[in-house]
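Student: The structure is given below, and queries will be raised subsequently.
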Amino acid sequence: MRRLQAPFGNWEPASLSEAVALFAGRDVRWWVAGGIAVELAVGRVLRPHGDLDVLVLRRDQLAVQRALAGWEWWAADPPGSLRPWSPGELLPFGVHDVWCRPGPDRPWRVQFMLDESQGTEWVSRRDARVRRPVDALGATSAAGVPFLVPEVQLYYKAKSPRPKDEVDFAAALPVLDGTQRRWLIEALTRTYGRRADGRACVHPWVARLQA
């Protein structure tokens, strides 16, 4: 099987309007994710972006293939290596990134992330104890773009925050209401509240969320 090893080539991220057009008329839930989702929540551009992340539930993964018919789809399996994603193939748990481009000599346009669900609940792939109703997973911008709510996006960014993640957290903090802050504090404590040696610890974002 042909594989691509990192680095995988150039990116020319799809615009938000292109992403909306790809899924127009399709019965599938999807949300813009990553730093762009945070920007949609705060209502302003924060920094440049090298890619476009879109989250879908694993159960809807084949909708990606239907929406991007004629494109190339490459699964990160394992991470650090891309291999072709065959038409109709169901990617298993543990494979949750798919890179997509219109053709072999074209830049990458969209990266899809597959997340877990049980019935009407979204379930974090990092910690199955962290969940919420699928209906409460996203919001929609004034321009009609669905995006991941900031508390969920920040939860994913909190694992090993990079400088850009700190920028996103600082920008999102003022727009989080009390319910959003409480959810994020609980999620951070559940998932990141223990060191590797088992000792309790407090994620550095918790104190700022409580302030």
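Student: For the range 170-211, enumerate the residues that are surrounded by 13 or more Cβ atoms within 10 Å (Cβ to Cβ) and of a type in the set (Ser, Thr, Tyr).
Tutor: Scanning the range 170-211 gives 189, 191, 192.
Student: Right, something else. Checking the structure you have, find out if any residue of the range 82-97 is under 28 Å from residue 44 (Cβ atoms), in a strand (DSSP E or B) and at pLDDT 95 or above.
Tutor: Within the range 82-97, one or more residues are under 28 Å from residue 44 (Cβ atoms), in a strand (DSSP E or B) and at pLDDT 95 or above.
Student: Looking at 62, 90, 46, which is the one that is out of contact with any strand residue (DSSP E or B) (no Cβ under 8 Å at 6 or more places or on another chain), free of Cβ contacts under 8 Å to residues at least 40 places away in the same chain and surrounded by 13 or more Cβ atoms within 10 Å (Cβ to Cβ)?
Tutor: The conditions single out 62.
Student: Also, quick follow-up: I'm trying to understand the selection: among the residues of the range 65-82, which are in contact (Cβ under 8 Å) with a residue 40 or more places away in the chain and not aliphatic (A, V, I, L, M)?
Tutor: Residues satisfying the conditions are 66, 74, 80, 81.
Student: Please specify each residue of the range 23-60 satisfying the condition of being part of a helix (DSSP H, G or I), at pLDDT 95 or above and in contact with a helix residue (DSSP H, G or I) (Cβ under 9 Å, 6 or more places away or on another chain).
Tutor: The answer is 34, 35, 36, 37, 38, 39, 40, 41, 42.
Student: Please enumerate the residues belonging to the range 99-117 that are within 22 Å of residue 179 (Cβ to Cβ) and of a type in the set (S, T, N, Q).
Tutor: Scanning the range 99-117 gives a single hit, 117.
Student: Related question: Out of 174, 204, which single residue is of a type outside the set (Lys, Arg) and under 23 Å from residue 48 (Cβ atoms)?
Tutor: Checking each option against the conditions leaves just 174.
Student: If I ask for residues that are exposed (fewer than 13 other Cβ atoms within 10 Å of the Cβ) and closer than 29 Å to residue 159 by Cα, which ones from the range 13-43 would you list?
Tutor: Scanning the range 13-43 gives 15, 43.
The values are calculated or read from the model by the stated rules, or taken from the named source; none is laboratory data. These figures come from a predicted structure and were not determined experimentally. Note that we place each Cβ from the backbone using ideal geometry, even for glycine, and neighbour counts take in every protein chain shown.
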